[in-house]
Amino acid sequence: MDAPSATGGSATVRQDAAAVAWWVLVGAASGAIAGALVGGIGGRLAMLLLRLTSPDAVTGMISDDGFEIGVVSFDTAQLVLAMAMLGGINGVLYAALRTAIPRKLRLPLWSVFAAALGGANIVHDDGVDFALLEPAALAIALFVLLPGAAAAVVVLFVERWMLVEPWSDRRLSIGLCIGAIAGTFALAFAALLAAAALVLRRGRLAGPAARVARVAVPPALAIVTALAGWRLVDETVRIL
């Protein structure tokens, strides 16, 4: 967990709170931006592509997510906001776990983890999306790629902005606040993690928590990725 990094004994509650608030803000904003751009707008572009490659009969049908295929409406804004919220949760979780993952593995592990988990939850052999949209292989590939790409953007943003001295760049801080607000309900999740992280820092549990996380987090992510990947492959075989 990023927040429980060791701090000096002289650190004040205010300093700890500022440090925790920064990584939470970076995570929430990075995730919300990535979710809105890749998941929301990218998702609509993917559906547009699939509409063009699918029979005309699918136009106007309601997708499994409740959106009208081939029609751009206010529902698109709802999709973007929904993806910003999910992305915000993803971003905060990554920001909390990043230091437990070896630096060289952060981008590939987090991207594959999100692609497998996201794909396993999106791709299924019942409903409209993967039964009527053609080609099915393209539909599957797109909706596995999108969550993986969004997670990759999260990693790139978080790693970049965590190099900035917390709260030193006023414009960046304001921009991150605006981005985090777009995550809406993701902020509740962020607040819970921030509170837990602050308790660990103030309770002098930073060192032990960080050591446990470094041992437990990478294999846990690998296991979840493997299980999700197995489910994804099973659904893909059923569809194809």
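The values are calculated or read from the model by the stated rules, or taken from the named source; none is laboratory data. None of these values were measured; they are calculated from a predicted model. As a convention, Cβ positions derive from the backbone with ideal geometry for all residues, glycine included, and neighbour counts pool all protein chains shown.
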**Q.** Only one of A114, A100, A96 that is among the small types (G, A, S), over 29 Å from L48 (Cα atoms) and either surrounded by fewer than 19 Cβ atoms within 10 Å (Cβ to Cβ) or under 13 Å from the mean Cα position of the chain (by Cα) (or both)
**A.** A96
Q | Subset of region 169-181 (residues that are of a type outside the set (K, R) and either surrounded by fewer than 19 Cβ atoms within 10 Å (Cβ to Cβ) or over 24 Å from F113 (Cα atoms) (or both)) | A | D169, L172, S173, I174, G175, L176, C177, I178, I181
Q) Just checking, which of A84, A18 is aliphatic (A, V, I, L, M), part of a helix (DSSP H, G or I), modelled with pLDDT of 75 or more and surrounded by fewer than 20 Cβ atoms within 10 Å (Cβ to Cβ)? A) A18
Q. Restricted to region 51-60, and to residues that are at pLDDT below 85 and touching a Leu at 6+ places or on another chain (Cβ under 7 Å), which residue is nearest to E134 (Cα to Cα)?
A. S54
Q) Among A216, A188, A209, A222, which is farther than 19 Å from A18 by Cβ and in contact with a Pro (Cβ under 6 Å, 6 or more places away or on another chain)? A) A209
Q | Pair list, Cβ under 7 Å, 6 or more apart: region 140-156 residue closer than 25 Å to V26 by Cα and modelled with pLDDT of 95 or more, other residue assigned to a helix (DSSP H, G or I) and among the β-branched types (V, I, T) | A | L146/V38; G148/V112; A149/V38; A150/V38; V153/V38
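Please go through region 199-225 and give me each residue that is of a type in the set (G, A, S) and surrounded by 13 or more Cβ atoms within 10 Å (Cβ to Cβ), ordered by number.
Of all residues in region 199-225, those of a type in the set (G, A, S) come to 203, 206-207, 209-210, 213, 216, 220, 222.
The answer is A206, G207, A209, A210, A213, A220, A222.
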